[in-house]
Amino acid sequence: ELMPPPQTLDPGLVEEGHTIPVARVAAMHAGKRRARERRAGGDTTPE
């Protein structure tokens, strides 16, 4: 009852939100990217 009434969002904005990966998937991709960069650069130092 303390909440404001629901708001209508632009459908384009909602669609754009669906393109944002969830944090877990983003972290997985970041980890794979760092590993690929390490292999390509020859860097053997752990993170």
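The values are calculated or read from the model by the stated rules, or taken from the named source; none is laboratory data. In this text, all values refer to a predicted model and were calculated from it rather than measured experimentally. Heads up, the Cβs are rebuilt from the backbone with ideal geometry, glycines too, and the neighbour counts pull from every protein chain shown. Calculation scope for accessible area: heavy atoms of the full protein, side chains included, ligands and nucleic acids excluded. Shrake-Rupley method; radii C 1.70, N 1.55, O 1.52, S 1.80 Å.
The packing ranking of peptides 19-27, 6-14, highest mean first, is 19-27, 6-14, where packing means the average number of other beta carbon atoms within 10 angstrom of each residue. Computed from these coordinates, which is Kirkwood radius over Cα pairs in Å: (i) 11.8; (ii) 14.3; (iii) 13.9? Read-out from the structure maps to (ii). Computed over protein heavy atoms with a 1.4 Å probe, the accessible surface of the chain works out to 101 Å² per residue.
Computed extension gain for Arg36 through His18, at 0.36 nm per residue and net of the alpha carbon distance, reaches 3.8 nm.
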